[in-house]
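Data first, discussion second: the structure below is written as structure tokens.
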């Protein structure tokens, strides 16, 4: 079944999420800038979102966000600027070639460290298949797990300081 519009994409994505048993809920009401937004959870318990921005007529996005824990934010605040900058540079280099794109939240520009990191993969309608959705979800989940483990290794377990 070729996907040619937002309605078909929405139905296809929801059917896939239900079939995979990763569907949690549909955002209702849908945010004004989106055609649809579904919240899912991978088999391993990692949350993600599948959505279509209205400005992108023929693409669907799979996204997850890694929120930086309070204890890690306190470590960032207490770090010397040079050490924090080095940590952030190493973080960016380690995820630059990850299978998902990333973006830091807007506070990064002013604070020098993020409070959250979004991981995103795009699928165009001409490549919107169950296999592609599954692979993108897997890529996003792998990136989330990598980021969590990296923060734990470099900054300690949440709630403890290194």
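Among 139, 126, which is the only one that is assigned to a helix (DSSP H, G or I), modelled with pLDDT of 95 or more and more than 17 Å from residue 38 (Cβ to Cβ)?
When all the criteria are applied, what remains is 139.
Scan the range 78-100 residue by residue and report those that are more than 17 Å from residue 150 (Cβ to Cβ) and in contact (Cβ under 8 Å) with a residue 12 or more places away in the chain.
Answer for the range 78-100, where residues must be more than 17 Å from residue 150 (Cβ to Cβ) and in contact (Cβ under 8 Å) with a residue 12 or more places away in the chain: just 81.
Of the residues 31, 2, only one is exposed (fewer than 15 other Cβ atoms within 10 Å of the Cβ), modelled with pLDDT under 95, farther than 19 Å from residue 121 by Cα and over 18 Å from the mean Cα position of the chain (by Cα); which?
Sole residue among the options that is exposed (fewer than 15 other Cβ atoms within 10 Å of the Cβ), modelled with pLDDT under 95, farther than 19 Å from residue 121 by Cα and over 18 Å from the mean Cα position of the chain (by Cα): 2.
So which of 12, 23 is crowded, with 17+ Cβ neighbours inside 10 Å and in contact (Cβ under 8 Å) with a residue 40 or more places away in the chain?
Result: 12 is the single residue among 12, 23 that is crowded, with 17+ Cβ neighbours inside 10 Å and in contact (Cβ under 8 Å) with a residue 40 or more places away in the chain.
Results for (1) out of contact with any helix residue (DSSP H, G or I) (no Cβ under 9 Å at 6 or more places or on another chain); (2) surrounded by fewer than 19 Cβ atoms within 10 Å (Cβ to Cβ), shown as yes or no for each residue.
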residue	(1), (2)
59	no, yes
82	yes, yes
88	no, yes
102	no, yes
143	no, no
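If I ask for residues that are buried (at least 18 other Cβ atoms within 10 Å of the Cβ) and touching a strand residue (DSSP E or B) at 6+ places or on another chain (Cβ under 7 Å), which ones from the range 105-114 would you list?
114
Tell me, please, whether a residue that is assigned to a helix (DSSP H, G or I), farther than 18 Å from residue 137 by Cβ and touching a helix residue (DSSP H, G or I) at 6+ places or on another chain (Cβ under 9 Å) can be found in the range 12-29.
Checked against the condition, which is being assigned to a helix (DSSP H, G or I), farther than 18 Å from residue 137 by Cβ and touching a helix residue (DSSP H, G or I) at 6+ places or on another chain (Cβ under 9 Å), the range 12-29 yields no hits at all.
The values are calculated or read from the model by the stated rules, or taken from the named source; none is laboratory data. From a predicted model like this one, the values you see are computed outputs, not experimental measurements. Note that we place each Cβ from the backbone using ideal geometry, even for glycine, and neighbour counts take in every protein chain shown.
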